[in-house]
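What follows is a single structure, written as structure tokens, with notes after it.
The values are calculated or read from the model by the stated rules, or taken from the named source; none is laboratory data. Treat the numbers as computed from the prediction; the structure is a model and nothing was measured. A quick note on method: Cβ atoms are made from the backbone with ideal geometry, for glycine too, and the neighbour counts reach across all protein chains shown. Surface areas here come from the heavy atoms of the whole protein model, side chains and all, with no ligands, DNA or RNA. Shrake-Rupley method; radii C 1.70, N 1.55, O 1.52, S 1.80 Å.
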Amino acid sequence: MSDNTCAEMKDRLNASALLGKSQGDFINKTEITGANGGPIVSEVRVKFVG
């Protein structure tokens, strides 16, 4: 392959990857946990005044 053909192929591959990412073809999942791998603790406080 010539240098120009190789560069064109890289450009096409990059364009295909960007198109796939924009359409959600590649999904990255991340699991989030609390302290020591436990559940995430949340607290909701409601204060009524009046």
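Computed on protein heavy atoms with a 1.4 Å probe, the accessible areas place Phe26, Phe48 in the order Phe48, Phe26, largest first.
Of the labelled options (1) 68; (2) 31; (3) 38, which one gives percent of Cα pairs over 17 Å apart as computed for this structure? Correct label, based on the coordinates given: (1).
What is the magnitude of the charge dipole of the chain about its Cα centre, with +1 placed on the Cβ of each Lys and Arg, -1 on the Cβ of each Asp and Glu, and no other charges, expressed in debye to the nearest 20?
Here the chain has a charge dipole of around 360 debye.
In the chain, the longest principal axis of the Cα atoms and the axis of helix 3-22 are about 30 degrees apart.
Farthest toward the positive end of the dipole of the chain, out of Gly50, Leu18, Gly34, is the Cα of Gly50, where the dipole comes from beta carbon charges about the Cα centre.
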